[in-house]
Amino acid sequence: MTALRPETTPLPPLAGTSMSANASLAAGAAGTPVSAVASSGTSARPESVLRSRGSVRSAGPVVTELRLSAFASHRGATFPVGPVTLFAGPGGSGKSSALRAYEALARLGSGDVLDEVFPDPAGCVPEGAAADAQGRRGFRIGCTTDGPAGPVRLDVAVQTEPTLRIVGERLTGGGEILLTTALRDPGRSTVQAAWHTAGAVPVTRAPLPDDRLGTSLLPLRVAGRTEGQLRVLAAAEQTVVALRSVFACDPQPSRMRAPVPAGDGRLRRDCGNLAAVLGRTHTQHAPRHARLVAAAHAGCAGPVTGLGVERLADGLLCAVVGRGGGRVTPVGRLGDGELRYLALALVLLTGPGALAVDAAGEVPSAMQTLTVLADGFDRDLDGRQARELLDLAVSTGAAGHLGLVGTVTESGAARARETPGVTVVDLEP
């Protein structure tokens with residue numbers, strides 16, 4: 001296979017990315033991480049500490065590393081991603097921005113356009129980053145996935161000023177650059193892409209739109225007739241499947257208390273249609289529903305003997321908690337912590353079949369791993385509820401079909417460190 005030489009296909013420099021960060025990206029193309037993440041209390045740059053216990057083999061492709069070369073408060077940062085990974089640290093340490101970058105990559109991998117993924121792109125540029133001589137500013141993010149194609153790295157450079165566009169992308173596998181894109185003509189809304197062919201023409205070059213991730217478009221552009229094309233396809237498809245299988249969850253108790261219309265029962269991000277989903281899981285996923293009832297009993301005040309719905313006179317559905325002896329409590333009477341606990345337990349137990357997630361439909365569910373993103377995972381939860389959810393995340397992830405990436409408070413991090421199978425990444429401002 002003819003290699004795409006890294007020195008001829010660099011990601012373009014952007015204001016806000018230091019020369020050292022550019023050098024790290026170049027080294028990363030050859031398999032060297034941008035920055036080390038220390039373990040067992042050893043300090044590293046950025047100040048992050050990884051504590052991990054246990055490992056799980058995933059059923060399908062998963063993200064194993066998140067790189068924020070220049071994004072919001074992060075510079076030259078590399079974070080590990082395990083089956084259950086929680087970011088911890090004081091306010092301003094960048095916990096939420098790490099999850100924001102992860103979700104952005106997931107949406108780009110799903111084919112979303114750039115301005116929908118980044119409605120406020122200026123907020124993603126590192127603070128204090130000055131524009132270059134051409135008035136350009138931007139940010140860099142990336143990830144590593146693992147699966148049948150082995151470790152595959154994706155790095156993306158986004159320009160925010162003067163025009164929002166992807167100005168550089170690199171897909172690397174097996175120590176070789178498989179895809180690279182670069183902005184050649186600022187007057188056109190395209191980038192020049194090059195990927196391996198390894199046939200009569202060793203490298204294929206073609207324009208791609210500058211508002212979409214090139215990796216997500218490759219399965220539609222590469223025929224897969226040569227060895228080189230097959231390697232490119234395998235790396236791209238692995239990356240896309242790993243990124244698409246993400247559900248960002250932020251339960252909003254105020255919305256969960258209101259009755260909802262009966263629908264298809266796919267849980268939304270804010271879990272506002274909890275009642276409709278409970279009605280569906282009760283009839284279609286009996287074993288998982290039984291586990292959900294047990295989890296509710298462990299984390300809610302008072303006895304819980306069942307979870308279900310009542311149809312009101314106007315046809316709307318109201319979720320209820322069975323208390324035994326025919327007595328029920330509307331979920332609207334539960335506290336915020338109980339509602340968040342119940343919603344997160346439902347997410348961890350039901351999987352993509354009941355969630356509003358754009359999983360790769362062409363890939364069997366048995367070969368996919370759903371990753372749940374939960375910013376403020378332990379918000380409003382007491383210690384008992386947080387421990388129950390962590391244990392539930394570890395146990396449901398043991399089969400390799402589910403992962404959890406979230407942020408926690410400092411007290412939540414202390415509990416997480418005591419839970420086998422949980423990775424805690426400590427950040428400092």
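The values are calculated or read from the model by the stated rules, or taken from the named source; none is laboratory data. The structure presented is a predicted model; accordingly, all values stated were derived computationally and were not measured. In this analysis, Cβ positions are derived from the backbone assuming ideal geometry, glycine residues included, and neighbour counts consider all displayed protein chains. These area figures cover heavy atoms from the full protein model, side chains too; ligands, DNA and RNA do not enter into them. Shrake-Rupley method; radii C 1.70, N 1.55, O 1.52, S 1.80 Å.
Amide H of residue 77 versus every other amide H placed in the peptide plane: which residues, excluding those fewer than 5 positions away on the same chain, fall under 5 Å?
68, 69
Mind listing the long-range amide H neighbours of residue 309? Cut-off is under 5 Å, sequence gap 5 or more, other chains count too, H placed in the peptide plane at 1.01 Å from N.
Residues meeting the criterion, in which the H sits 1.01 Å from N, are 320.
Can you work out the FRET efficiency for the pair residue 380 and residue 305, with r the C-beta to C-beta distance and R0 = 22 Å, to the nearest 0.05? It would help to have the intermediate numbers written out before the result.
Working: r = 24 Å, r/R0 = 1.10.
Once the sixth-power term is evaluated, E becomes 0.35.
How would region 83-194 be classified by its alpha-carbon gyration tensor: rounded, prolate or oblate, with rounded meaning a/c under 1.5 and the a/b versus b/c comparison settling the rest? Don't skip to the end; give the middle numbers.
On the way: a/c = 1.92, a/b = 1.07, b/c = 1.79.
Note, shape of region 83-194 comes out oblate.
Say each of residue 294 and residue 220 gets a label point 7 Å from the Cα, pointing the same way as Cα to Cβ; how far apart are those two points in nm?
4.5
With a 1.4 Å probe and all protein chains in place, put 297, 74 in order of accessible area, largest first.
Values: 297 100, 74 10 Å².
Per-residue accessible area, sorted high to low, gives 297, 74.
Taking H placed 1.01 Å from N in the peptide plane, check which residues at least 5 places from residue 402 or on another chain put their amide H under 5 Å from its amide H.
Counting only residues 5 or more places away or on other chains, the set is 370.
Residue by residue through region 331-336, what is 3J(HN,Hα) from phi via Karplus (6.51 cos²θ - 1.76 cosθ + 1.60, θ = phi - 60°)? Round to whole Hz and write x for glycine and proline.
My calculation for region 331-336 gives 5, x, 8, 6, x, 4 Hz in order.
Please give the contour-minus-distance gain from residue 189 to residue 120: 0.36 nm per residue of separation, less the Cα-Cα distance, rounded to one decimal in nm.
22.9 nm
Between residue 255 and residue 313, what FRET efficiency comes out of the Förster formula 1/(1 + (r/R0)^6) with R0 = 25 Å and r the beta carbon distance, rounded to 0.05? Present the calculation step by step, with values, prior to reporting the outcome.
Numbers: r = 22 Å, r/R0 = 0.87.
Efficiency, from the Cβ-Cβ distance: 0.70.
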